[in-house]
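The values are calculated or read from the model by the stated rules, or taken from the named source; none is laboratory data. All of these numbers come straight from a predicted model, not from anything done at the bench. When we count neighbours, we look across all protein chains shown, and the Cβ atoms used for this are built from the backbone with ideal geometry, even at glycine. Keep in mind that these areas ignore ligands, DNA and RNA; they rest on the heavy atoms of the full protein, side chains included. Shrake-Rupley method; radii C 1.70, N 1.55, O 1.52, S 1.80 Å.
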Amino acid sequence: MTPLPFHRVWPTLQVMALPAHRLAYLPIAKNACTSLKTLIVELSDLPQARRAEIARDVHRITDDENTGLQLKDLSEAEARAALIDDRFRFAVVRDPADRLVSAYVEKFVIRREQKRIATAPVIAAVRGVTAPGDADFAEGIRFRAFLDYVLAAERTELDPHWRDQVDSFADFPATHLYALEDLDLLAADLSAHLGQPIQIGSRNRVRKAQAAPVQGAADRLPAHLPTPERLPPACFYDAESLAAVRRRFAADQTLYDAARREGILRRAAPVTPRPWRKRLSLNGIRRALRE
């Protein structure tokens with residue numbers, strides 16, 4: 001069987017490109033991707049009615065239809081041209097421990113009876129069943145069980161919402177990397193690149209202002225988690241489980257630390273981007289962090 005071209009397989013197929021703006025964006029699940037995909041749609045030259053239609057269901061429509069906005073919608077030559085060096089190619093990364101909590105709260109707590117494709121394999125493995133039923137989804141699973149599953153599974157078997165962030169960069173030579181906390185910096189850089197003011201909204205943001213920590217949150221079933229969208233991520237971890245996540249997602253941690261350091265430096269004073277930022281390289285990022 002002939003393998004599919006690079007721009008028609010995950011993760012590269014999801015890259016969004018606006019050639020007229022010399023702009024390319026790599027969506028990574030749970031990293032403000034709803035807001036940023038919507039922004040790309042709004043910046044496109046599609047008719048206003050079509051942009052509004054896509055924005056109402058941005059993930060399904062861009063993934064399932066040919067909007068002309070993702071690399072999968074282009075020819076291979078067009079896809080490669082979208083990733084040449086004079087483009088502003090960006091991605092947003094997140095603290096891996098925080099990201100796992102966000103994914104769990106959204107998929108296994110708040111929306112546990114909806115959009116079951118991502119959660120069914122996890123619930124089946126945790127409960128030891130072949131196909132989870134309605135009662136399984138309604139009751140849900142504890143965060144600790146979810147975390148045990150993620151830490152034990154082969155990374156290629158993980159859903160993109162909790163799979164390693166570094167895997168998304170396989171064929172995406174990023175020029176700009178941002179931490180989730182630094183979307184204001186991303187907006188400023190995009191404004192400068194595009195020559196117009198850019199604002200990044202907060203579509204689909206599940207967790208809001210934090211509530212008081214809940215003791216033993218990791219071992220509670222979803223129905224026993226008060227205001228789950230507001231619980232601080234730290235209350236889902238103990239020292240051992242947090243250390244396990246840091247070890248397992250060490251490469252993601254490196255990406256996140258590098259993005260945070262670069263953002264802090266740039267906010268303090270204008271600086272020349274570090275060499276690793278010209279093309280994403282984990283070894284280059286590690287060297288930059290040691291400077």
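Only one of the listed residues (Asp238, Asp219) is under 19 Å from Leu151 (Cα atoms), in contact with a Lys or Arg (Cβ under 7 Å, 6 or more places away or on another chain) and modelled with pLDDT of 95 or more. That residue is Asp219.
Is one or more of the residues making up the range 242-251 among the aromatic types (Phe, Trp, Tyr) and either closer than 20 Å to Leu180 by Cα or touching a Pro at 6+ places or on another chain (Cβ under 8 Å) (or both)? Yes, that holds for at least one residue. Residue count for the range 61-89 under the criterion of being assigned to a helix (DSSP H, G or I) and either more than 16 Å from Ile28 (Cα to Cα) or at pLDDT 95 or above (or both): the result is 12.
Answer with yes or no whether Thr119 is without any contact (Cβ under 8 Å) to a residue 12 or more places away in the chain and of a type in the set (Ser, Thr, Tyr). The answer is no for Thr119. Restricting attention to the range 223-257, the residues that are surrounded by 15 or more Cβ atoms within 10 Å (Cβ to Cβ), assigned to a loop (DSSP other than H, G, I, E, B) and over 16 Å from the mean Cα position of the chain (by Cα) add up to 4. Looking across the range 132-171, the residues that are of a type in the set (Gly, Ala, Ser), without any contact (Cβ under 8 Å) to a residue 60 or more places away in the chain and either closer than 30 Å to Pro5 by Cβ or open to solvent by less than 70 Å² (accessible area, probe 1.4 Å) (or both) come down to Gly133, Ala138, Ala145, Ala153. In the set Arg203, Arg260, only one residue is at pLDDT below 90, open to solvent by 20 Å² or more (accessible area, probe 1.4 Å) and touching a strand residue (DSSP E or B) at 6+ places or on another chain (Cβ under 8 Å); that residue is Arg260.
Considering the conditions (1) buried (at least 21 other Cβ atoms within 10 Å of the Cβ); (2) within 22 Å of Ala81 (Cα to Cα); (3) out of contact with any strand residue (DSSP E or B) (no Cβ under 6 Å at 6 or more places or on another chain); (4) not hydrophobic (A, V, I, L, M, F, W, C), Lys30 is excluded by exactly one of them, (2).
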